[in-house]
Structures are given as C-alpha cells and as structure tokens.
C-alpha cells in the first residue's frame, strides 16, 4: 500500500505522509470523545500536539525531498472505480505541496497555542466551557482538511479538501452562533461565507467535469501530460477549464466578485481570522492556480484575465481599507488586497513570486491578526476593570459611554505604553506588510512588482498604487491604535496579555523579519525548490505564447521606488493621523470628526467607508430576488398550491368524496340493501312457506301421500 | 287359477280407496276406519304373495300386522275419546292449533 | 272364464263396493258396517288363497273385536253429521289425482315391468297355512317378534287406560 522509492542516498520518510492528515484527525477525535472529561489545558495540549506532529511530518517530507527533489506519490486507498474513472486517495509529495504543508502546519501550530490563551479568556468572560473543546475540534478538522487539499494527487481529492475547509470556515465563523447583530449576526455571516463559496465551488465543479471530459482523468500527472492533445481534440476546452477554475479561486481566495464574505467573516474569533482567512484557507486558490500551471501557460488569454482580476482586486480592496474603523475589517480588506497581489503574480506566470508572497504574507498577516486579537482582548480586559471598579464606573457614566465596541479604532489610542509587546510585534507586522526593507514583505512584494513591470505593465501600475495605499492604511492603523492619548476609559485601563498569547506573536514576528531569506535575489532558494515541481516545457510555453517565469529577477529601481512610496505613505499617515488628529481631538465633541480624512474628501471617504455599497448591490440584485423566489416557491407554490389546494382540496377532498360514495352509496345503498334484501327475501319466503303449515292434519296426510306417489314413481322409472 | 297379479291389483285399489278416505273425510273415526282398510289391503297382498311363493312368512307377517293393528286401534280410539272430551267434536279440522 | 275367476270377480266387486261405501257414507254407523262387510269378504279371499288360520283370525280379531270396538266408540261419541265446510277446497281434487296416479303406477309395475307367475300352478303342501304350520314357524323362527308383540299389546292396554282417564 505504501510506495517507497528508496533510490537516493538521503533519509526517506515519504511513507509517513498520510500521518499529516491522521494526526490532526486523531487529535480531533480524542477531543471530541474524551473532551468532556479533560481540562482546558489538556484539550489545548492535545490539539496543539496534533498540529505540531503534522508539522514534524511535513518537515520530514521536506528532508526526504532534499535527496529526491522530484517527489513521489504515496497512494492510500482506492476511492471510486467506475468504468474508466479510477480515483484514489494518494498523497502527492513534491516541493509545491510540501511548501504548503509546512506553512499550514507551522502557522497552524502557533495559532493553536495562541488559541489556548485566547479561548481561556473567552470562556472566562462569556461562560459556556463546552466552547473550548468545540473550538479545538474545529481547528484540528481544518488542519486535516487543508492537508487533504494540498496533498491530493488529483483534482477531486483537492476538491474534497476544498469543501472541507469551506465547512470548517462556516463552523468557525459562526462559532459564537448566538451572538452578533440581533443574536443571529454571526450565523448570517457564516451562512454568507458558505453560500458565496458555493458559487465559487460551482465554477470549480464545472472545471472538474470539463477536465474529465477532455482528459478522461482527474490525476494531475495524467492531465498535464495530455494538454496539447486535448486542446487539439477540443479547441477552447483548456481556456474554459482555466476560466472555470478562476471562478473557484475568486470564491475561495476572495477576489472580485466573490470577496464579499471575507469582511463579514471577521465575526469569528481572531485566531480563526488569522489561520483561515489570512494564512491558509484563502491561499488555496493561489495553490490551485500554481498547481494548474501547465494548463494556464497554454492559454495566455486566461492568464491575462487572472492577472487583471488580481490587480483590480488588490487596488479595490486597498482603497476600501483606508476608510474602515474596525481593526479587523482593515486587516480583512488588506488580506483581500494581498491575495490580489498573489493572484496577479501567479496569473502572470510568476509562480515562484506568488508562492513566496504567500509564505511571507502568512507570517505577517497571521501576526497582525493575532496581535489585533491581543489588542481587542486588552480592550475587553480594560472594560472589565472599568465596569467592576465603582470609581471608574462613575467616571464612565460621566463621559457618557456605556458599552463601547472594543474593536473600533476610534475607541483606542495610546496602547503603545500599555501593551508594549503587542505594540512592537504589531509594528513589525505592519512594516512587513507595507514592504519596508529588510523585512520579508519587501522581498516578496518587490519580486512581484518586478515581474509585473516586465510582463503586464497595466497590472504593475495597479499593484504599485495598491502598495501605496497599503502602507497608508497600515500607518493610519498604527497611529490610531497605539499612539496619542487613550480616547476611552477601557483603552486607558487596557492590560497586556499572558505569555501563552504573546510568545507565538514573537515567533511570528521573527519569521516576518527573517522570512525574506527564503528567496533572496541571486540565491533564490525557493524558486529552485519549486522549479522541481512546476516543470513547464519550454516548447509548450513558446507554442502558446504564455508566460512562465520561475526564477524572478531583482530590479533595484523598482525596489527603491516601492520603498520610497511606502515611506511617503507612512509619513502622510503620520501627518494626518498623528498631528492633525491630535489637533482635532481638542475641538469640542460636536465639531470633532471621527476621521480627519472626512474633512479632506468627505463624499469619497463615505463611498470608501461604505465599501462602494457592493454588499447592498448584491443584496438587491441577488439576495432579494432569490429570497422572493424562495418565498414564492415556499408559500405560494409549496404551501398554498400543493398543500392547501392540491393535497387538501384535490386529494383529501377527492378521498373524502370517494369514501362518502363508498359509505353511503355502496355500503349503505348496495351492501346493506343486499343483506337487508336477503333478510327480507327470507322473511317473504318464510312467510310464504309458512302457509304450508296449515295446522290441518288432512293436509299433512296429503303431503305424505304425495311424497309416496313421487317416490314410487321415481323407483319405477329408474 | 286366478293370477296373483289380480289380487295385487285389488289390493292396490282397496289401498287407494282407504287413502282417499283418510284424505277426504273429516270425521276422525271414519279416517281411522280408512286406515284399517289400508292395513287390510296390505294383508291381502301379503297373503297372495305367500300363496304364490309358498312362503309361510307372509302369514306370520299378517298375524303380526293384525296384532299391532289391534293395539293401535285401542290406543287411537282412546285418544279420540280424550280429544272429544276436550273439544266436544270429532272434526279433525278443529284440531289445527299447529297452524303456523 | 273359469269358476274361480267368476268367483273372484264377484267377491272383488263386493269388496270394492263396500270400501267405497264406507268412505262415502255420511252415517258413521253405516261406514262401520260397510267395513265389516269388506273384512268378511277379505276373509273369504284368505280362504281361497289357502290361509285358513289367517282367515279365522281376520274374522275373530278384525271383524269381531276391532270393529266392535269401533262401534262402541261411535255410540259413545254420537254420530253427528258434520257440517260441510270449505276449509280445504283443494284437498279432494288433489287427493283424487294422486290416488289415480298411484293406481296407474301399480298397474304399470305389475303389467309392464315385472313378470309374475301367471297362474298358481303348484298345489299347496298339505297343511300349509294351518295352525300347526303357523305355530311351528311362529314359535321357532319368529319367537322374538311374538314376545315383543305381547309387550306391544300390554303397552296398548296401559295406554288406553291412561288416556281414557278423566283427570
């Protein structure tokens, strides 16, 4: 069952690769079955160990690949065998999948450890201890599903993982299912995520069916080997497949037009946002395009479309992020924007650059989200202190606030001195995201920009402007949250979080700083590492005119320009949000704007703050008519027509008519008549026959005599 | 010689006349006497056959018939007397309480 | 036509006339007397047929005892003339038809379906039908019926006494 190609010299651990799924599964099962009797520490330990062991297995795979870079396939079981379809669950161990495995399990384990502290605080404040176990069960399930996604050796196994992470996303977004706006807000956000993802999955399924139709198989190696032949047999099919895959990617990786679920997904706990919606799940789309590179390089039109979608999304989301007040929403739109960078990169054919940015983004975005969680936690602790201290409570009442939103940046300020560790790690993350030398984001983003200028200039300009806005909104966020004076009492009394939460942050910060070494220009270790998998024949590329760049170039001009732009943006943010904001705070409350930019460009700011009203447009265009249709079908068609009219009137009424017919006409009329008729007939006959009993003896004698005559006559004639 | 069949015919005629008497008359005593006539007709047949087949069994049977007829007459007439005491008539048509 | 035949027919006519007279007579006493005549004729027939014992028994028991008993009862009950009623109008016609049918059947059987010895050719053995002969068979072969008959007579006596008691 386990294939072991012991060809090279180095240690081989390929046969262990199924454990990468089964360790998290074991963890979740243990927590599910025995969690009721385990302490919080134990549950957290089990879950984190499961994730950690998966990381260890991933590392072992990387070690094995070092001596055998082409990778191998480890089949596990046969899944579907019908006709010419022969699907199996096999683990594809090559550099690309192992890269993803390392990122997912590594970042995932850190987040598991962070969550122990985070959920402990959550249960302490909100009650319901069962939540603790449920959270870790879902987290482990997510890790398992993501591993299935990245390790599958055919499109359908990938889809199994794809759907699985979608499910975990739903479960975890709606984790606090009874909270949120009107008590169902979180559940609605989870539903929105699931449904929007479903639209994307529809595209993926169309692609899968087309793949089977064109290639007769789902397996990567079989599909990729046959691309020119299939294209010759069915012209245009590869273009169709790539575009359908793009639909799936826009759903899962939150690109235009299916990004609307990601900001709402911030309703879930912060570790969920960090793991799923920043570091791992949303990158599944990028992984898919990278994996399908042999398909994409033969259709340059599709490549252009993908790059454009990525570029437009990057710019679009960055502009929205400028005007958001919720700390997590800013990061959400930032994620969408950065995913746009990645999608643009792989769309253009710069696969290594895209994957590089994926890795660095995982580091600093997870760091940012977890730190944001730390900030929110600090604010909530501060509010707890305030509401339990009678003196402070009076003060709160005087100020006029009762319960403030701990996630609104307008209520923060001055947290630099109160949450020192969080401030420093957040700063590192923000600078990495902005792309400041020598942090990791600088190297990855500049590689993308360099490729873009070379391959798709239009996309390059979009990405550059987006990079400017990125630095601007991160600066805005830093200054609003950490600098200045605290604007509310809870902010004043915010407290730093325990080490179980801060230590993973520090580790991620280190990775954000040092991550650049993965693919330094000139050395480009990651590009070489990935080149073992993303092998694209030169002739295929030149035939179709597509692009495939594996080894990125380093353009010093672009690097310098980008850095200057970022520093300029941060300085602008300083001027507006530090200097001017402090001045504005001195104004009386009525004339004080909540954001200095509103004074500059009020209408534009409103448009950005309302996210271009896209959600409202979608609601009017799709959700309302759909709900109307559903309501119509449910009420008019199903209830009133089918149930009321058809069932009640036609069927039930008809049945009653029939039963009345049977009861009255047939049962009473015929059957009773027959039985009564028989009785009456017998009565009549008896009455008639009674006449024989005349009572006269002579009659009886006559009848005897008659009988004698008849019998004698019979005997004679016989 | 007289053929036996003539005696049998005569017996049949006498029997029929007796039957007619039973069926037609309303006087109980006359009915009884008609019954005796029928019995006598049967006796005649027995004796004729005994003569024809030279079997004394016929005579024996006639003997028994006579004995039983005597007993029957005794009882029957006692009955008629008893009924007469009750109903004061010997019309059999009056004895019709079995009328259904 | 031999003398036997003439004699036979003569007696037969007397017997039939007597029977018809019995049945049709309105006077009960006349009916009884007619019946006596009939029985006497039958006794003669028995004699012709070589059954002397039976003939004597007929005269003694039937004509002598039974008919006398009849006449006793007739006297006792009064010979009322019953008023003609019309209770059963169909009775007489149907009875006549059935009687005719019976006669026809008898004739049919004896003339068209069976062959009988036409004439009584053999002479009877000596003493046939005499008391010795009767007695021999009666007390040897038919002893049981004989004893039972005596019980019947006893029962009849008791019955007659019981029935004629006026309680």
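The values are calculated or read from the model by the stated rules, or taken from the named source; none is laboratory data. The shown structure was predicted, so the numbers you read here are calculated from the model rather than taken from an experiment. Note that we place each Cβ from the backbone using ideal geometry, even for glycine, and neighbour counts take in every protein chain shown.
The residue list B:20, B:98, B:79 contains one member that is outside any helix (DSSP H, G or I) and within 14 Å of chain A (Cβ to nearest Cβ), which is B:98.
Looking at C:48, C:59, just one residue is surrounded by 15 or more Cβ atoms within 10 Å (Cβ to Cβ), more than 7 Å from every other protein chain (Cβ to nearest Cβ) and farther than 21 Å from residue B:38 by Cβ, and that residue is C:48.
With respect to the conditions (1) within 15 Å of the chain's Cα centre (by Cα); (2) closer than 30 Å to residue A:110 by Cβ, residue A:198 lacks only one, and its number is (2). The listed residues are A:235, A:228, and the only one of them that is part of a loop (DSSP other than H, G, I, E, B) and surrounded by fewer than 21 Cβ atoms within 10 Å (Cβ to Cβ) turns out to be A:235. Of the set (1) under 17 Å from residue A:279 (Cα atoms); (2) in contact with a strand residue (DSSP E or B) (Cβ under 8 Å, 6 or more places away or on another chain); (3) buried (at least 24 other Cβ atoms within 10 Å of the Cβ), all apply to residue A:152 but (1).
Entry remark, the stretch B:37-46: residues being facing chain C (nearest Cβ under 7 Å) and either more than 27 Å from residue C:17 (Cα to Cα) or free of Cβ contacts under 8 Å to residues at least 24 places away in the same chain (or both) number 1 in total. When A:87, A:29 are checked against the criterion of being in a helix (DSSP H, G or I) and on the phi < 0 side of the Ramachandran plot, A:29 stands alone in meeting it. A count restricted to the stretch B:54-68 and to residues that are within 7 Å of chain C (Cβ to nearest Cβ) and either part of a helix (DSSP H, G or I) or modelled with pLDDT of 95 or more (or both) stands at 8.
Residue-level check: of (1) closer than 20 Å to residue A:254 by Cα; (2) surrounded by fewer than 24 Cβ atoms within 10 Å (Cβ to Cβ); (3) touching a residue at least 24 places away in the same chain (Cβ under 8 Å); (4) out of contact with any strand residue (DSSP E or B) (no Cβ under 9 Å at 6 or more places or on another chain), residue A:187 misses just (3). Restricting the first member to the stretch A:694-718 and to residues that are more than 8 Å from every other protein chain (Cβ to nearest Cβ), and the second to residues that are modelled with pLDDT under 85, the beta-carbon pairs closer than 8 Å and six or more apart or on different chains are A:703/A:692. Of the residues in the stretch A:508-521, at least one is modelled with pLDDT under 80 and not in a helix (DSSP H, G or I). With respect to residue A:373, is the statement that it is under 23 Å from residue A:110 (Cβ atoms) and either modelled with pLDDT of 80 or more or surrounded by fewer than 24 Cβ atoms within 10 Å (Cβ to Cβ) (or both) true? Judged against the criteria, residue A:373 is a match. Considering only residues that are under 26 Å from residue B:53 (Cβ atoms) and within 7 Å of chain B (Cβ to nearest Cβ), look in the stretch C:1-23 and name the one that is surrounded by the most Cβ atoms within 10 Å (Cβ to Cβ). Selected residue: C:15. Annotation note: of B:51, B:26, the sole residue that is within 14 Å of chain A (Cβ to nearest Cβ) and surrounded by 21 or more Cβ atoms within 10 Å (Cβ to Cβ) is B:26. Here residue C:26 passes the criteria (1) more than 15 Å from the chain's Cα centre (by Cα); (2) at the interface with another protein chain (Cβ under 7 Å from one of its Cβ atoms); (3) under 16 Å from residue C:71 (Cα atoms) except the one numbered (2). Among the residues of the stretch B:57-79, is any out of contact with any strand residue (DSSP E or B) (no Cβ under 8 Å at 6 or more places or on another chain), over 21 Å from residue C:69 (Cβ atoms), in contact (Cβ under 8 Å) with a residue 24 or more places away in the chain and crowded, with 23+ Cβ neighbours inside 10 Å? Checked against the condition, which is being out of contact with any strand residue (DSSP E or B) (no Cβ under 8 Å at 6 or more places or on another chain), over 21 Å from residue C:69 (Cβ atoms), in contact (Cβ under 8 Å) with a residue 24 or more places away in the chain and crowded, with 23+ Cβ neighbours inside 10 Å, the stretch B:57-79 yields no hits at all.
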